[in-house]
1. May I ask you to list the residues in segment 29-52 that are surrounded by 13 or more Cβ atoms within 10 Å (Cβ to Cβ), at pLDDT 90 or above and not in a helix (DSSP H, G or I)?
2. Residues Asp103, Asp94, Asp59, Asp65: which one is at pLDDT 80 or above, surrounded by fewer than 22 Cβ atoms within 10 Å (Cβ to Cβ), more than 30 Å from Asn191 (Cα to Cα) and among the charged types (D, E, K, R)?
3. Could you say whether any residue in segment 171-179 is more than 19 Å from Val208 (Cα to Cα) and either assigned by TED's automatic domain parsing to the domain that holds Asp229 or of a type in the set (D, E, K, R) (or both)?
4. Does segment 206-237 hold any residues that are out of contact with any Leu (no Cβ under 9 Å at 6 or more places or on another chain) and either in contact (Cβ under 8 Å) with a residue 40 or more places away in the chain or crowded, with 20+ Cβ neighbours inside 10 Å (or both), and which are they?
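The values are calculated or read from the model by the stated rules, or taken from the named source; none is laboratory data. All values reported here derive from a predicted model rather than from experimental measurement. All Cβ positions, even for glycine, are placed from backbone atoms using ideal geometry, and neighbour counts span all protein chains on display.
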Amino acid sequence: MSKGNISAAAAGNFVVGIVLTVILVSAAQAGARTERVKRLTVSQFLSECRSEPVECTKDAKAADDALALENSAGILDSLHNGGSSAAGVYCEPDGLSDIQRRDRLIDYFAAHGELNSDAFLDGARKAFVDVWGAAQCRKNASEAAAKAANLARTTVAQYLSTCESDTKTCDALTGDALDDYVDAEMRTFMNVGTPFTFCAPRLSDQAVRKAVVRYLSRHRELSSGSLRDGARAAFDALWPNHGAC
């Protein structure tokens, strides 16, 4: 999962899951596809899904992108309110694929024929909130808390040892550490206005993992500390915020 520039991305899912870039992505994708989904009705979307599943998948993703800004605002309201889920907020499960999102929309619309004449974006909003609303947000928050606890239990030395033989687990731990720190930075910014100390890298998971492993391997004084603290030191050193992110 790629991470965007966190000062440009003003929202997250970690209070109700994992912090994700939404504003930057939404702005970048506000083109022909977004304009297209604004014109679609639910029935037209379903018809497309029967004849052009690839385009249907792209439109389902575009709907999520188009709704991301308002969903982000709801999540930020949640942060202001100490983490309580705001009405109308949805939290997609971690690792959700574009095809899975499309299929959830199709299933939802099939069960809600009364939405057929509605604008597709209005229907998608209802579907996302209904399917991935408060319950999913609480589930994401619980999973995120478990990941944070694991980061606190795992030492840097254990992390480096794991990374020598198990890149999949190493990637997951690195991603969890980045998500955890972005969330902490977001919360601090929302509560006291302190600028982010680092700029989340716009790199692949593998590139981030390699950079963090390299840094921690060269700083053995961090070996006995928690991965949570060690990774934060690595992020601060590798991608510091000089006011340009």
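1. Leu40, Thr41 - these are the residues of segment 29-52 that are surrounded by 13 or more Cβ atoms within 10 Å (Cβ to Cβ), at pLDDT 90 or above and not in a helix (DSSP H, G or I).
2. Asp103
3. First, pick out the residues of segment 171-179 that are more than 19 Å from Val208 (Cα to Cα): none.
No, segment 171-179 contains no residue that is more than 19 Å from Val208 (Cα to Cα) and either assigned by TED's automatic domain parsing to the domain that holds Asp229 or of a type in the set (D, E, K, R) (or both).
4. Ser224, Gly225, Arg232
Conditions (1) at pLDDT 95 or above; (2) in contact with a strand residue (DSSP E or B) (Cβ under 9 Å, 6 or more places away or on another chain); (3) under 18 Å from Leu151 (Cα atoms); (4) of a type in the set (D, E, K, R), marked per residue:
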site: Cys170; (1), (2), (3), (4): yes, no, yes, no
site: Gly175; (1), (2), (3), (4): no, no, yes, no
site: Asp180; (1), (2), (3), (4): no, no, yes, yes
site: Asp183; (1), (2), (3), (4): no, no, yes, yes
site: Met186; (1), (2), (3), (4): no, no, no, no
site: Asn191; (1), (2), (3), (4): no, no, no, no
site: Phe196; (1), (2), (3), (4): no, no, no, no
site: Leu203; (1), (2), (3), (4): no, no, no, no
site: Val213; (1), (2), (3), (4): yes, no, yes, no
